[in-house]
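Student: Here it is: the structure, laid out below.
Please treat every number below as a calculation from the coordinates, not as lab data. As the structure is a computational prediction, the values presented were derived from the model and not from experiment.
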Amino acid sequence: MRNWPTSFVTSENSGIKGKFAATLLPAGQAGRAATLGGASLSIYRNTRYPKEAAALVRYLCRRDVELARAKATSQPPVMPDLYDAPEILAVRPHFVELKQIFNQGVVKRPSTEAGEKYEQVSAAYFNAVHAVLTKEKTAGNAAAGLERDLVQITGFAPRSVSHSSRNKRERAAYGN
């Protein structure tokens, strides 16, 4: 899900509360992958109120404001120490797992890698995941098709993974 922080908060008053979780993305041999971003603050260079705009940005970057925002909206904090704050963990226990982003490092955002082709790349991912969720394709077939689509869209070379080692990893991941 692309906009899970907002949906996570919305679900708290619905029938799906407690029936799903947020986690880091798998990244093959790397284990997990994560990106940061999505909530940038800036000041328009031609603003008529530069001092007030700067004051607002400074206010929004304060620890207490970020703490309140994380509790209220489920937006992951920028400040790593907030992932350990008891008042956040009481309402956002999934932040324990998300803290791994800071410990494991981040990867380039897909939009950075794909550039002008991001819309096509995003649609390919969405369609592959949808095909698995609707049981139109197996995960393996969808992943293979996605790889072919991404190579065609981006021109990037595919990574070579032997079939037998991939099957062993898949079995290990699912306990089979």
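Student: Which of the residue pairs LYS19/LYS135; LYS71/LYS117; LYS17/LYS108; LYS17/LYS71; LYS19/LYS108 have a Cα-Cα distance greater than 28 Å in the structure shown? Write down the numbers at each step before the final one.
Tutor: Details: LYS19/LYS135 20 Å; LYS71/LYS117 35 Å; LYS17/LYS108 32 Å; LYS17/LYS71 16 Å; LYS19/LYS108 30 Å.
Violating the 28 Å limit, Cα to Cα: LYS71/LYS117; LYS17/LYS108; LYS19/LYS108.
Student: Relative to the present Cα-Cα distance, how much length would full extension add between SER111 and VAL57 at 0.36 nm per residue of separation?
Tutor: Numbers: separation 54, 0.36 × 54 = 19.44 nm, distance 2.51 nm.
Here the segment from SER111 to VAL57 would lengthen by 16.9 nm.
Student: Below 8 Å between Cα atoms, with a sequence gap of 6+, how large is the relative contact order for region 46-159 in percent?
Tutor: Computed over region 46-159, the figure is 13 percent.
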